[in-house]
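Only one structure is covered here, and it is reproduced in the block below.
The values are calculated or read from the model by the stated rules, or taken from the named source; none is laboratory data. These numbers were taken from a predicted model, which means no experiment stands behind them. Here the Cβ positions follow ideal geometry from the backbone for every residue, glycine too, while neighbour counts run over all protein chains shown. For accessibility, only protein heavy atoms count, side chains too; no ligands or nucleic acids. Shrake-Rupley method; radii C 1.70, N 1.55, O 1.52, S 1.80 Å.
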Amino acid sequence: MPKAVSAARARRPRNSLTVEEILDVAEAVAAGGIEALTIRAVANELESSPMALYRYFGTKDELVDALLNRVLGRMEPPLESASWIDDLGAFARNHREMLSLHQWAVTALFARPAPGPNALPIGEWALRILERGGIEGDEAVAIFSGIIGLNYGWASFVVARAGGAGDSLAEDLVSPGVAEAFPLTASVAVPMSRYGSVEHYDLVLGYLLAGVLSTSAPPEPGK
């Protein structure tokens, strides 16, 4: 008689995993929702055991930080031009694009904005651009923080829209009773339905950059 085939999946050979392979699979798991990311879930996808992964990442938090650090490392540095304020806008858009391409990571990055060394160049790029505009110290940190805060908030809008939030907003705002009680809100029902759009982002960023430019000190020669 033929031998019975075990229903259990064959395990990988010991020490056959790599950090990059683990992170690749972890990202695929997280793409379905960061809450689904566990050591066991990643181990199952790798046909390995949780204990095998613990040799590389001692806790789930270490795995999440490594994954978020990897995402931050994908941000494109802004190219330097003759205009520091244009470069600041490019920095902001590149950061927003990085978040938009990794929607599953937005909430986690909001809670852990500096998960590893790849967070440092992002701040350095922004501060170097602001220095060229004569902005340093508290003012530079505040502006950098404002841009990052805007982008995380905007990315949250994008995630919400991807989940269907706001699909009926325009219709809801002009429904009987609502329009009478909130006439100004009802009057912008159609624009309101476009919240989180790239067009609205560019409007807000443009106002922010104009404000920064209007209060900046003349740059020193050579900056």
Check your understanding: For mean projected area of the Cα convex hull in nm², the choices are (1) 13.9; (2) 19.6; (3) 11.8; which was calculated from the structure?
Key -> (2)
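Could you check how much of the accessible area of the chain is carbon and sulfur, as a whole percent, using a 1.4 Å probe?
Working: 7650 of 12810 Å².
Of the solvent-accessible surface of the chain, carbon and sulfur hold 60 percent.
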Review point. Which value in nm describes the separation of the simple spin-label points at F157 and H200, placed 7 Å from the Cα toward the beta carbon?
Key: 0.4 nm
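How do the peptides 183-190, 105-112, 57-64 rank, highest first, by the average count of neighbouring beta carbon atoms within 10 Å per residue?
On the way: 183-190: 12.4, 105-112: 17.9, 57-64: 15.6.
The packing order, highest mean first, is 105-112, 57-64, 183-190.
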Check your understanding: If contacts are Cα pairs under 8 angstrom and at least 6 residues apart, what is the relative contact order of the chain in percent?
Key -> 18 percent
Practice item. Please turn the phi angles of segment 23-29 into ³J(HN,Hα) values with the Karplus equation 6.51 cos²θ - 1.76 cosθ + 1.60 (θ = phi - 60°), one per residue in order, whole Hz, x for glycine and proline. Key: 5, 4, 6, 4, 5, 5, 5
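Can you sort D172, D87 by 1.4 Å-probe accessible area, starting with the largest?
The ranking, largest first, comes out as D172, D87.
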Check your understanding: If the chain between S16 and M192 were fully stretched, how many nm would it gain, using 0.36 nm times the residue separation less the Cα-Cα distance?
Key -> 58.1 nm
